[in-house]
1. Would you list the helices (runs of 4 or more DSSP H) that sit entirely within region A:60-142 and hold 2 or more residues that are modelled with pLDDT of 90 or more and more than 27 Å from the chain's Cα centre (by Cα)?
2. Quick check on A:Ala172: is it away from every other protein chain (no Cβ under 14 Å) and modelled with pLDDT under 85?
3. Got a number for residues in region C:21-37 being at the interface with chain B (Cβ under 9 Å from one of its Cβ atoms) and of a type in the set (Val, Ile, Thr)?
4. Kindly check whether there is at least one residue in region A:140-150 that is at negative phi, assigned by TED's automatic domain parsing to the domain that holds A:Ile23 and surrounded by fewer than 17 Cβ atoms within 10 Å (Cβ to Cβ).
5. Just to be sure, is D:Ala58 within 19 Å of C:Glu2 (Cα to Cα) and modelled with pLDDT of 85 or more?
6. For A:Gly242, are the conditions met, namely being surrounded by 24 or more Cβ atoms within 10 Å (Cβ to Cβ) and under 23 Å from C:Leu45 (Cβ atoms)?
7. On the given criteria, is A:Lys20 in a helix (DSSP H, G or I) and in contact (Cβ under 8 Å) with a residue 40 or more places away in the chain?
8. Can we say E:Ala40 is under 12 Å from the mean Cα position of the chain (by Cα), in a helix (DSSP H, G or I) and facing another protein chain (nearest Cβ under 7 Å)?
Amino acid sequence: MALYTHHLPRWKRDEVEEIKRGIQEHPVVGIVNMHGIPASQVQDIRRNLRGTARVKMSRNTLIERALNELGGSVADLKEHFEGQSALIFTNENPFRLFKLLEQTKTKMAAKPGEIAPEDIVVPKGPTTFKPGPIVGEFQQVGIPAVIEGGKVKIRETKTVVKKGEVINRKVAGVLSKLGIKPMDVGLALQAAYYRGSVFTPEMLAIDEEACAKKIAFAASQAFNLSVNAAIPTRLTIGAIIGRAVSEARNVGVEAGVYEKDIIDLIIGRARREMLAVALAAQARGFDLDEETL
Amino acid sequence: MEYIYAALLLHNAGKEITEENVTAVLKSAGVEVQDARVKALVAALEDVNIEEAINRAALAPVAAAAPAA
Amino acid sequence: MEYIYAALLLHNAGKEITEENVTAVLKSAGVEVQDARVKALVAALEDVNIEEAINRAALAPVAAAAPAA
Amino acid sequence: MEYIYAALLLHNAGKEITEENVTAVLKSAGVEVQDARVKALVAALEDVNIEEAINRAALAPVAAAAPAA
Amino acid sequence: MEYIYAALLLHNAGKEITEENVTAVLKSAGVEVQDARVKALVAALEDVNIEEAINRAALAPVAAAAPAA
Amino acid sequence: MEYIYAALLLHNAGKEITEENVTAVLKSAGVEVQDARVKALVAALEDVNIEEAINRAALAPVAAAAPAA
Amino acid sequence: MEYIYAALLLHNAGKEITEENVTAVLKSAGVEVQDARVKALVAALEDVNIEEAINRAALAPVAAAAPAA
């Protein structure tokens, strides 16, 4: 190992050391795939992450060497290399890092050979194209087009590529002409290392809606407990009173306690009972007089 | 609906719903009793499970019946 | 519910709901009448517009049914 | 409703709902107790399973109308 | 719910809901009163318009207790 | 509701809901703990089947009233 | 649900839901805290309107809001 190290040119040695330092100095180390991200966008992303996370681009071999030299569980990150990797160092919560990176993604035009990240749909409606070869191009990729008012019009909404399928050259060309940008481009977090564990994107993607639901559920549990156990709080005292009043009314009506506050409920109850029996009797041939109903 | 109330009253009092009993209740309330209706009522209620009908009414409404009028 | 049935029977028959009348109806059905309940009933009904209460009841809907779910 | 609240208080406290107990509770709250109402209450509750009755919905006709709107 | 019933009883009787009054009512029902609960109740009721809460309950379909699933 | 949440947290963590434990949890959240409320909470929960009370829907009158509007 | 309760406790106490605070509350309840879960919770709640989620619960009082996994 030591011998091999000697063979590294000075700048590579420095690079490896810098990577190692970055890893050692940050609790969270992410590995991202930079493949296909235009340089201009990389600049934007770096700017967006400034103060939160540092992107360290390097050759995969050097990153691998740094990980190997450090050893231990952080070296497991190697398994998540994909394409042109870069490391990202942060003091942030790894879940928040994931969210941040998702937020830096932008929509880009599709290049031939790329995989559709979701169904790519071309909506129906007028276009700005004048009649010409474009109509044929549309038809070749299955988009029904007609000429209307001197302009090309797409007759119906079409899904031209399904999620997961390859976007071919012709489709990519048409999409770009239509200004449809189906690709999510940005730093895709392949994995993040934090305190001895490697987290995959599936683990890092949090479902906020599910979380909100749990909050709502917990809140209703607390509400229920407070009311059912009659533990008054500012939020629940009204409901507790309501519960007690309802219980008292129920008992009063059920038992026929003739009190002014509930006499109308009792009348209503008797009336409904009468109606139920009246209808049953009617069904068996007893004529009801009009005033009954 | 005096006739039905009379029947319900008897039912609740644990009495049988006979023509005689219904007539007696109605008379006690000063109702001019029509024998034919009493007969029809008693006959109709013979097969009715009054308890069940009442309980259903207590929980769910009969309101639905209203439009029939 | 016997007492309320008796009251509604009287109401439907166009008779006044007095302690005496309620008692007579209940007795005709063989109910062992408790004076206190009759008094309470008549007192509770004193200021009540029965017709209105009945109509409101007719509108009454399913509210209660909800529980099950 | 004082009388019913008194009864439920006794029930919840695991005490029997007797005229004496109800009267004592009402008096402790400064209510001028009417014996007839106490008697009526106790009589009405005699054969009732309070636990069950508490949970049984008593249709509120007022409310009822609303949802329709 | 004893404590709540005691409070409602006082409210209905037109009495103030103070720690002292609530305690007296509970004691009259033979409840072993826990001061802390009385305090908590009275404190919670301070900011509540009881009349309104009661009326809202009247509007609410009473099904309340519905055993959730 | 802090006190309720503290109790729920302890319950879920499989810990007993004692005054000591509730106080510790509340303090850890920076709540200025009122002993009386802790006492009231613990006392109120003593005989309560928390699992059941949590899952039993308690109709909020507010909510209920809403549709009426 | 301990983590959620801890968050709600902090929210109700008017405290910020930070990793540190959540951890402190959980520890006080004797929970063996998993750092990753705390981090996930805090990150998730950054974009959740807790007040709104709570109000949703208040309006849909049926306990069975169903624990979304």
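The values are calculated or read from the model by the stated rules, or taken from the named source; none is laboratory data. Computed from a predicted model, the values in this text were never measured in an experiment. For neighbour counting, all protein chains shown are included, and Cβ atoms are generated from backbone atoms with ideal geometry for every residue, glycine included. The accessibility values were calculated without ligands, DNA or RNA, using every heavy atom of the protein model including side chains. Shrake-Rupley method; radii C 1.70, N 1.55, O 1.52, S 1.80 Å.
1. Qualifying helices (runs of 4 or more DSSP H): A:60-70.
2. No; evaluated as a whole, the condition is false for this residue.
3. Qualifying residue count for the region: 2.
4. Checked region A:140-150: no residue is at negative phi, assigned by TED's automatic domain parsing to the domain that holds A:Ile23 and surrounded by fewer than 17 Cβ atoms within 10 Å (Cβ to Cβ).
5. For D:Ala58, the condition - within 19 Å of C:Glu2 (Cα to Cα) and modelled with pLDDT of 85 or more - is not met.
6. Taking the combined requirement at face value, the residue does not satisfy it.
7. Yes; evaluated as a whole, the condition is true for this residue.
8. Yes, satisfied.
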